[in-house]
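The values are calculated or read from the model by the stated rules, or taken from the named source; none is laboratory data. Quick caveat, the model's predicted, so the values are computed rather than measured. Every residue, glycine as well, gets a Cβ built from its backbone with ideal geometry; the counts of neighbours run over all protein chains shown. The protein model used for the area step is the full one, side chains on, heavy atoms only, and it has no ligands, DNA or RNA in it. Shrake-Rupley method; radii C 1.70, N 1.55, O 1.52, S 1.80 Å.
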Number of protein chains: 2
Amino acid sequence: MDTDRDLLPEGLEDRLPASAAAAARVTRAIMDVLDSHGYDRVQPPTIEFEKSMASRMAGVQPRRMFRFVDPASLRMMALRSDMTVQIGRIAATGLGGASRPLRLCYAGQVITIKGDGLDPTRERLQLGAELIGSDAVSAAGEVLAVALEALRAAGATGLSVDFTLPDLVDTLAAKALPLDADKVEAVRRELDAKDAGGLVAAGGEAYLPLLTAIGPFDAAIERLAAIDAGGALASRIAALREIAGRVKSLARLTLDPSERHGFEYQSWFGFTIYAADVSGALGRGGSYTILGADAGAQEPAIGFSLYPDELIDALAAADAPRDTLFLPLGHDAEAAARLRAVGWRTVAAVCADCDPAALGCTHRLENGEAVRV
Amino acid sequence: MDTDRDLLPEGLEDRLPASAAAAARVTRAIMDVLDSHGYDRVQPPTIEFEKSMASRMAGVQPRRMFRFVDPASLRMMALRSDMTVQIGRIAATGLGGASRPLRLCYAGQVITIKGDGLDPTRERLQLGAELIGSDAVSAAGEVLAVALEALRAAGATGLSVDFTLPDLVDTLAAKALPLDADKVEAVRRELDAKDAGGLVAAGGEAYLPLLTAIGPFDAAIERLAAIDAGGALASRIAALREIAGRVKSLARLTLDPSERHGFEYQSWFGFTIYAADVSGALGRGGSYTILGADAGAQEPAIGFSLYPDELIDALAAADAPRDTLFLPLGHDAEAAARLRAVGWRTVAAVCADCDPAALGCTHRLENGEAVRV
């Protein structure tokens, strides 16, 4: 066997029938919910100029894209690793003149040059939505509620949402719990790591109580409110309570106000979504800023991204086999069409000795009726 | 304006809302028809090893893929330019043990490093289906009929199908109209070009009558039958008549038996599909051979590929605007959910002064009812 020729690269897989069907169903369910809430689908290209996407990315993210030369322009192009930067570009350019708030959604494949940590996967399905032009509490509540409704429609169960306040330290360091500018990053890092000793060593002893405001939402938000010196966090706490009130019937809620990893790009509000049968995060979202086309121009936005591949696999494994109708050679084509029109899946014989059972058929067309095989 | 940063590369575009909605609708309609006929969806990765895809391609096609090094294996990878080679690989490997005939379908983006001729487009949507393990007449008729039904469901009109016999010259040159081996390729080329003078110069004078067997199917197939010296083409002619009989109610049919361009990979049967409002081919298909995993192993197959981007744009341009329901701040969430459940699209206010009309809303929620704005 020429194993070498037909090998797939590391971290790349085929979705075979059961899982491809589940992927299509999940995508359809999520996109239908987003559409029903006024989110317009857009479809950016799979590859773009490297610089364009990198300019809208944070940190070392650009290095995770596959890059190659464009023979047309001689500039570097890249395979997209995150569709949200493309949505930001569309909002700033092609839809720069559209009314705000602008609601957009998307679904597509994203690719990275390397897996991350223990997961070698290099291609994923990414779906999401962005509400552009506002990061108001009402917008935040809507975006999270829509994400949860979409996931439930897709078949996800046991949803839980972990709230965070990405700019927590910056907000407190300004006045309430002052920190020298050169200490802010270290304090942020130690809080994210939940390292009490490291936090004190970094000069953030005043921030220690925040490590107690973590856990089930109702209790944790009370502890945060109690800690909130001078009310610097009052509006954020009120906002979180409002959002929580809106979605508490849809998911179990927790709070981790200083969670930072994955939220470097976010502003006042962030959240992570988890579900049963899915290890790790199913999705993530929050408020952030989209760069406009002109230098210095920007606008607020709230959005979320879902990475449902693992959910898809779990749902596929639980799918029941489908009824399928075998159509013998010379069958009544009109009867077959009528049965398809009411939902039957048919498989036609292409030769006289095609075996219905071998083809996975549960029924057979006889005298215009579906008869169990 | 930093035009440079947000520029898209040549031949790559965003689908904005109207056209993204049409693309999703067309994809869904086509895939639903394919599914109803027993075709199982599969989803191969967007990138693979270059050698794997190239080994299943004809001619200079491999050169049209974007290529880059895989840091994991240090081998060359490529962006797929044609999903049919991936389906062939899946049929030979992951589904190598599945019952035949194996019915698979797919939908995805394909990318080329350069546009072709006058069309600079470098990324396209490709959808298609493959019936693997048979190239019998019944299979050919099914595949074409399913393609046409899918296109009609997607909204295509004015469908026409041009039939061809890709191995026509090889079949005739063997015995009926003998040609030296070194003349076969030249005769094939001149016939494809419809160049009578060139055909004679290439030693193919005996093939001149074939140039009259071109045009509306019923008349052309009779001329082909009349030309058919010694009946070398008898079974192919009978097959075409049978297939034509099956699909004549779905499309206008023509015959061009020596059409070659684009069918270098096909065996006995090929077809090109055209539609109203679409310049150039909407799709193409035919019989061919899939290489198995083991050296020398192979199996017959029939399939088609559609490239519906232009159809999508035409349908998007004809779409009517949708009714949209504006939900003021503090609206009755249950009433809104009930209206969405019966098909309403809603847009919620995020601030007190959101203007329904500016947001494209046609109705407004008042007292649990949708009232025209």
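Worth a mention:
- Odd one out for B:Gly215 among (1) assigned by TED's automatic domain parsing to the domain that holds B:Gly128; (2) on the phi > 0 side of the Ramachandran plot; (3) modelled with pLDDT of 95 or more; (4) not β-branched (Val, Ile, Thr): (1)
- Of the helices (runs of 4 or more DSSP H) contained entirely in the stretch B:1-89, those carrying at least 1 residues that are free of Cβ contacts under 8 Å to residues at least 24 places away in the same chain fall at B:3-6, B:17-36.
- Selection status of A:Ala281, under 22 Å from A:Ala145 (Cβ atoms), of a type outside the set (Ser, Thr, Tyr) and open to solvent by 30 Å² or more (accessible area, probe 1.4 Å): yes
- Per-region count, the stretch B:345-361, residues open to solvent by 20 Å² or more (accessible area, probe 1.4 Å), more than 7 Å from chain A (Cβ to nearest Cβ) and within 18 Å of B:Glu334 (Cα to Cα): 0
- Candidates A:Asp4, A:Asp40: the one that is of a type in the set (D, E, K, R), open to solvent by 10 Å² or more (accessible area, probe 1.4 Å) and touching a helix residue (DSSP H, G or I) at 6+ places or on another chain (Cβ under 7 Å) is A:Asp40.
For (1) more than 9 Å from chain A (Cβ to nearest Cβ); (2) under 23 Å from B:Ala219 (Cβ atoms); (3) in contact with a strand residue (DSSP E or B) (Cβ under 6 Å, 6 or more places away or on another chain), each residue gets a yes or a no:
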position: B:Gln126; (1), (2), (3): yes, no, yes
position: B:Glu130; (1), (2), (3): yes, no, yes
position: B:Asp135; (1), (2), (3): yes, no, yes
position: B:Glu142; (1), (2), (3): no, no, yes
position: B:Arg152; (1), (2), (3): yes, no, no
position: B:Gly158; (1), (2), (3): yes, yes, no
position: B:Thr164; (1), (2), (3): yes, yes, yes
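- Scanning the stretch A:233-258 for residues that are closer than 17 Å to A:Ala219 by Cα, of a type outside the set (Ser, Thr, Tyr) and part of a loop (DSSP other than H, G, I, E, B) turns up A:Leu233, A:Lys248, A:Ala251, A:Asp256, A:Pro257.
- Unmet requirement for A:Gly204, which otherwise passes all of (1) at pLDDT below 95; (2) in contact with a Phe, Trp or Tyr (Cβ under 8 Å, 6 or more places away or on another chain); (3) not basic (Lys, Arg): (2)
- Criterion violated by B:Tyr106 - all others in (1) within 13 Å of chain A (Cβ to nearest Cβ); (2) open to solvent by 10 Å² or more (accessible area, probe 1.4 Å) satisfied: (2)
- Residue list for the stretch B:113-123, filter: open to solvent by 10 Å² or more (accessible area, probe 1.4 Å) and either out of contact with any Phe, Trp or Tyr (no Cβ under 8 Å at 6 or more places or on another chain) or touching a residue at least 60 places away in the same chain (Cβ under 8 Å) (or both): B:Lys114, B:Gly115, B:Asp116, B:Gly117, B:Leu118, B:Asp119, B:Pro120, B:Thr121, B:Glu123
To keep it simple, each residue is scored yes or no on (1) under 31 Å from the mean Cα position of the chain (by Cα); (2) open to solvent by 40 Å² or more (accessible area, probe 1.4 Å); (3) under 30 Å from B:Gly330 (Cβ atoms).
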| position | (1), (2), (3) |
| --- | --- |
| A:Leu191 | yes, no, no |
| A:Val200 | no, yes, no |
| A:Thr254 | yes, no, yes |
| A:Ser258 | yes, no, no |
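- Out of A:Glu366, A:Glu299, one residue alone is open to solvent by 20 Å² or more (accessible area, probe 1.4 Å), outside the structural domain of A:Pro101 (by TED's automatic domain parsing), out of contact with any Cys (no Cβ under 6 Å at 6 or more places or on another chain) and charged (D, E, K, R). It is A:Glu366.
- Positions within the stretch B:332-344 being open to solvent by 60 Å² or more (accessible area, probe 1.4 Å) and either touching a helix residue (DSSP H, G or I) at 6+ places or on another chain (Cβ under 7 Å) or under 21 Å from A:Ile243 (Cβ atoms) (or both), in sequence order: B:Asp332, B:Ala333, B:Glu334
- Set side by side, the residues B:Val69, B:Val33 differ, and just one is more than 7 Å from chain A (Cβ to nearest Cβ), surrounded by fewer than 19 Cβ atoms within 10 Å (Cβ to Cβ), over 21 Å from B:Glu10 (Cα atoms) and at pLDDT 95 or above, which is B:Val69.
- B:Thr84 vs. criteria at the interface with chain A (Cβ under 10 Å from one of its Cβ atoms), within 16 Å of the chain's Cα centre (by Cα) and open to solvent by 10 Å² or more (accessible area, probe 1.4 Å): no
Conditions (1) surrounded by fewer than 19 Cβ atoms within 10 Å (Cβ to Cβ); (2) more than 7 Å from chain A (Cβ to nearest Cβ); (3) in contact with a Lys or Arg (Cβ under 6 Å, 6 or more places away or on another chain), marked per residue:
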site	(1), (2), (3)
B:Ser19	no, yes, no
B:Phe49	no, no, yes
B:Ser55	yes, no, yes
B:Ala58	yes, yes, no
